[in-house]
1. Estimate the FRET efficiency between residue 26 and residue 146 by the formula 1/(1 + (r/R0)^6), using the beta-carbon distance for r and 35 Å for R0, to the nearest 0.05.
2. Stretch residue 43-residue 183 to full length: gain in nm at 0.36 nm per residue minus the Cα-Cα span?
3. Going through the DSSP H helices of the chain, which span 20 Å or more along their own axis at the Cα atoms while scoring at least -0.5 as a mean Kyte-Doolittle hydropathy?
4. Suppose a student asked you for the relative contact order of segment 1-100, using Cα pairs under 8 Å spaced at least 6 residues apart; what percent would you report?
5. Where the only charges are on Cβ atoms (+1 Lys, Arg; -1 Asp, Glu), what is the dipole of the chain about its Cα centre, to the nearest 20 debye?
6. Quickly work out the residue 223-to-residue 135 label distance, labels modelled 7 Å from Cα along the C-beta direction, and quote it in nm with one decimal.
7. Stick to Cα atoms and the Kirkwood definition of Rh, then tell me Rg/Rh for the chain.
8. Please compute the length gained on full extension between residue 120 and residue 264, using 0.36 nm multiplied by the number of residues separating them and subtracting their Cα-Cα distance.
Amino acid sequence: MEHPVTKPKIVGYWFNEKKCQKFGVADLKTECKRRGIHLVKIDMSSPMEEQGPFDLVLHKLTALFAQALNYDPKAVTAIKMFEEYIGKHPETFVMDPLSGVYRLLLRNQTYDLLQQRFKNDDKVFTPTYVELSTANLQHNRLLIQTANVTFPVVCKPVTAGGGIEAHEMAVVFNENGITECTLPCVAQSFINHGAVLYKLFVLGPVWFVIVRPSLKNFYAGEQETVHFNSNNVSKADSQSPLTQLDPSDMKEDLPKADPAVFNRIVTNLREALNMDLLGIDVVIDSSTGKYGIIDVNAFPSYDSVPNLMDHLVDLLIMRMDRSALANSTSILESKNTSIEIISPDHPQEDSGVDTG
């Protein structure tokens, strides 16, 4: 008796060239092929109808969205084509839904969501923030006071995707320093956190904590504004003087991180955004021990995550399993959630993660 031939699953993907090189698409193709999946790069300059059908579409469109916001005609056309295609093909699983990606594209929208989602959580918060769009110092001073933003503040570009400029930031120590920030920006209260950043890398029901260097403790005053690139400061091998605690701050014991709180953050945001691929930056307030979410990104780098392609292809297969999806009322599989904490050597102190 002949058995029917199983049709291979087809995953269409689109990343820009930078993402392709950094993410290691060749490794993804190899793992997909090994697991019986045909990985096809989508050409955004040609009709998607002629390139499909796809069982799943995997994308990193944030840079293209950012270009479209600036009225780049090619980007606008490409995004419109993408939206029309997925609208016509509800049978194609999209990783991740555009509604969530849109929400994370602008930091003020992201922070508004975070404040709403964690307003009743006594351990998790997002630092106070305000959007500044004018060079009028008096007006900005009023906005900052009304929003309960406290100095020092971190000034960040409003757009969270779109290239290097999205990571160009400044620590401002007083009201006059606001004039040095590139506008428009989001001014967010800086939280002292012992120079330790916890990056939560989410791959569906599986997620990891990567411990990274971060900015040292800062205090309000008459210091000069500090300009920095957040990617460079928080690299695993960063030797930036901005990450070296002052001697007086090194005496403080850092609060131990609780994986259960990280799990609560991940579960809450996956539910809110209906997304599988997330990067969540968390710091722990040195004074209160509370968990501050300072940024959320769609489809992050996953740098230092072990066996990344295995986990990603597992997720692709799970999402293409129609029977599993039919029996699921939510994108979450909380009972299957697993965690792995990865802490490279930190030159100053213990990573602060208590694994129990």
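No value in this document is a laboratory result; all are computed from the given coordinates. Every value quoted in this text rests on a predicted model; they were computed, and no experiment measured them. All Cβ positions, glycine included, derive from the backbone under ideal geometry; neighbour counts span all protein chains shown.
1. Values: r = 51 Å, r/R0 = 1.45.
The computed FRET efficiency comes out at 0.10.
2. Gain on stretching residue 43 to residue 183: 47.0 nm.
3. Values: long enough: 73-88 (23 Å, -0.08); 259-273 (21 Å, 0.34).
Once both thresholds are applied, what remains is 73-88, 259-273.
4. Values: 101 pairs, mean separation 31.2, N = 100.
Here the relative contact order equals 31 percent.
5. Values: 33 positive and 44 negative charges, 159 e Å.
That gives a dipole near 760 debye.
6. Label at residue 135, label at residue 223, 2.7 nm between them.
7. Values: Rg = 21.4 Å, Rh = 21.7 Å.
Here Rg/Rh amounts to 0.99.
8. On the way: separation 144, 0.36 × 144 = 51.84 nm, distance 1.27 nm.
In short, 50.6 nm is gained.
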